[in-house]
1. Please specify each residue of the range 1-56 satisfying the condition of being part of a loop (DSSP other than H, G, I, E, B), touching a helix residue (DSSP H, G or I) at 6+ places or on another chain (Cβ under 9 Å) and crowded, with 19+ Cβ neighbours inside 10 Å.
2. If you go through the range 95-102 one residue at a time, do you hit one that is out of contact with any strand residue (DSSP E or B) (no Cβ under 7 Å at 6 or more places or on another chain) and either modelled with pLDDT of 95 or more or at positive phi (or both)?
3. Within the range 180-201, take every residue that is surrounded by fewer than 19 Cβ atoms within 10 Å (Cβ to Cβ) and assigned to a helix (DSSP H, G or I) and give me the one that is farthest from the chain's Cα centre (by Cα).
4. Does residue 272 satisfy the criteria of being in a helix (DSSP H, G or I) and buried (at least 17 other Cβ atoms within 10 Å of the Cβ)?
5. Among residues belonging to the range 206-222 that are closer than 16 Å to residue 159 by Cα, touching a residue at least 40 places away in the same chain (Cβ under 8 Å) and in contact with a helix residue (DSSP H, G or I) (Cβ under 7 Å, 6 or more places away or on another chain), point out the one that is surrounded by the fewest Cβ atoms within 10 Å (Cβ to Cβ).
6. Just checking, how many residues over the range 239-283 are without any contact (Cβ under 8 Å) to a residue 60 or more places away in the chain and over 30 Å from residue 154 (Cα atoms)?
């Protein structure tokens, strides 16, 4: 089967061209966590600003600083290396004196704050990220881009998984499908990566179909719907006027599946998605046989806390996205960007 990664846009205005990450500080990410450290406990939460360094490498340097094993340092999620990012690391120090944080000497890293807490920072323990992205060498006038940006902020964008989810040139999707079909074997530590890549690809396929239909931001009969915050939702066999109103206001969003075995059967929805994914039916069967559980993901994401600035003639977009949504999906609607860095190791 042929894999396609050029997903359709939802907005009809002309996209600009431009370059991102020509310099690290063109791409700024600040994570937002659901809690702040209490000041007491066996975990030291250290907030750092990283410039040109990847998350896992910095975590290993923190382990060395504290005289610990790498497994004793945790974080909510990976951040792009080719950027300036602020994120928090949790260092497990049960019964140990806090090493002087001022002795943290890591290239490209600056200490922001530190405090003790009674809980470890876990993977995925993240509300979202604030982005500030400068696009250089744009070919469209800034006032036109600002008008387009206003439309994106009002209507939202398709909640596609970004290319970093799929590996270099989508190799994790292809390798994952080959493994699921029994064509190849996969090391245990790669299997969860492959499953994530394959299911994300299938979600994007479902979302792309809704974009082409013009229904990605509208409720349809037999949609699963989630509230704007969190992942709770309900099956909407036939949306009423109140459901339609709340969707228009951004309080509800239609969803599509991250395919797998389902605890509940939604016959009309299941039939619709199975039809759209008919060419991948052996993959769907393999996911269910592996007892991978089905989840739902919103089709739409609406940027929050938005602003638009001009720096030396370059547009600068600032916005907040909830955890799991990708800045690249927002930019895709505005700019056909050239990533100035070859390494695709973003993980928003």
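1. 10, 53
2. Looking for residues that are out of contact with any strand residue (DSSP E or B) (no Cβ under 7 Å at 6 or more places or on another chain) and either modelled with pLDDT of 95 or more or at positive phi (or both), one finds at least one in the range 95-102, hence yes.
3. Just the residues of the range 180-201 that are surrounded by fewer than 19 Cβ atoms within 10 Å (Cβ to Cβ), to begin with: 181-193, 196.
Then drop every residue that is not assigned to a helix (DSSP H, G or I), which leaves 188-193, 196.
Values: 188: 24, 189: 21, 190: 19, 191: 20, 192: 16, 193: 14, 196: 12 Å.
Checking each candidate, the answer is 188.
4. Numbers: in a helix (DSSP H, G or I): yes; buried (at least 17 other Cβ atoms within 10 Å of the Cβ): yes.
Judged against the criteria, residue 272 is a match.
5. Of all residues in the range 206-222, those closer than 16 Å to residue 159 by Cα come to 206-219.
If we keep only those that are touching a residue at least 40 places away in the same chain (Cβ under 8 Å) as well, we get 206-212, 216-217.
Then keep just the ones that are in contact with a helix residue (DSSP H, G or I) (Cβ under 7 Å, 6 or more places away or on another chain); that gives 206, 209, 216-217.
Details: 206: 20, 209: 18, 216: 24, 217: 20.
Taking the candidates together, the pick is 209.
6. 14
The values are calculated or read from the model by the stated rules, or taken from the named source; none is laboratory data. Every value quoted in this text rests on a predicted model; they were computed, and no experiment measured them. Note that we place each Cβ from the backbone using ideal geometry, even for glycine, and neighbour counts take in every protein chain shown.
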